[in-house]
Every structure is written in structure tokens, then in C-alpha cells.
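A.B. asks: Sharing a structure with you now.
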Amino acid sequence: MTDRLTRVNAYTTFDLLEATAIGHGFEESAYAVLDVTVPSRNPDHVTIELELDNVDLTELPAHADRVEISADQARELAAELEAYADRVDAGAE
């Protein structure tokens, strides 16, 4: 990934996912980095970051999307992910 904005190391949550950026009049696919972190000192939120590899993107400039959520929101998201993962597992059986 050139012009990377998100730091990637051995602790990165997912460092190679297939992602799609959708906008008005375009849709582009690329590999992406998805990371979930908390501040190392006085953690008061969870940060979720997503960055698509911009090497093959023509419509989208290099950027990273970031959202900060509370601990309660992180737990709610985790519960939603578990529920949907269970549905995928049930559908695969």
C-alpha cells in the first residue's frame, strides 16, 4: 500500500481484506486494512479504522475512514457481529 495513512504492524486486526468503495457513479474494489484499537493511556473509546489500498483506485483519493465509539457501543457492535456470524454459520450448514 503506497501513501498508507493507517499504521499496520503485527497487532493490526485485519491487514488484508477485500473491500469495495461505493460512491455516486463509481464502485471500486481493493484490498483493505481494518484495525480496532484503544488509546494506550487512559483508554476512553474504541477506534475503528478502514483504509483501502489506493494503488488501483482511480475515483477515490488516498484516505482512511475512522470512527470512535464508546465501550458500550463496542459491546453492542460485538453482539451484532456475533448474531450475524451465527446466521452465516447456520446458512452454511
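The values are calculated or read from the model by the stated rules, or taken from the named source; none is laboratory data. Just so you know, these numbers come straight off a predicted model, no measurement behind them. Virtual Cβ from ideal backbone geometry, glycine too; neighbours counted across all protein chains shown.
A.B. asks: Could you pull out the residue among 77, 50, 81 that is at pLDDT 95 or above, part of a strand (DSSP E or B) and either in contact with a strand residue (DSSP E or B) (Cβ under 8 Å, 6 or more places away or on another chain) or not acidic (Asp, Glu) (or both)? Even if it seems obvious, please write down each step before you answer.
C.D. replies: Numbers: 77 fails: part of a strand (DSSP E or B); 81 fails: part of a strand (DSSP E or B).
Answer to the check: 50.
A.B. asks: Kindly indicate the residue of region 22-38 that is within 23 Å of residue 71 (Cα to Cα) and either touching a Phe, Trp or Tyr at 6+ places or on another chain (Cβ under 8 Å) or aromatic (Phe, Trp, Tyr) (or both) and also surrounded by the most Cβ atoms within 10 Å (Cβ to Cβ) among those meeting that condition.
C.D. replies: So the residue we want is 33.
A.B. asks: Out of the residues in region 1-21 meeting the condition of being at pLDDT below 95 and surrounded by fewer than 11 Cβ atoms within 10 Å (Cβ to Cβ), tell me which one is farthest from residue 70 (Cα to Cα).
C.D. replies: In this case the residue turns out to be 2.
A.B. asks: Sort out which residues of region 53-74 are of a type in the set (Val, Ile, Thr), under 15 Å from the mean Cα position of the chain (by Cα) and either at pLDDT below 95 or exposed (fewer than 14 other Cβ atoms within 10 Å of the Cβ) (or both), and write them in order of number. Give the derivation first.
C.D. replies: As a first pass, look at region 53-74 and keep what is of a type in the set (Val, Ile, Thr): 55, 58, 67, 69.
Imposing the further condition that a residue be under 15 Å from the mean Cα position of the chain (by Cα) reduces the set to 67, 69.
Matches in region 53-74: 67 only.
A.B. asks: Can you find, within region 53-74, the residue that is nearest to residue 22 (Cα to Cα) among those that are in a helix (DSSP H, G or I) and among the aliphatic types (A, V, I, L, M)?
C.D. replies: Of all residues in region 53-74, those in a helix (DSSP H, G or I) come to 71-74.
Next, only the ones that are among the aliphatic types (A, V, I, L, M) stay: 71, 74.
Details: 71: 29, 74: 25 Å.
Restricting to residues being in a helix (DSSP H, G or I) and among the aliphatic types (A, V, I, L, M), the top hit is 74.
A.B. asks: On the given criteria, is residue 44 of a type in the set (D, E, K, R) and not in a strand (DSSP E or B)?
C.D. replies: yes
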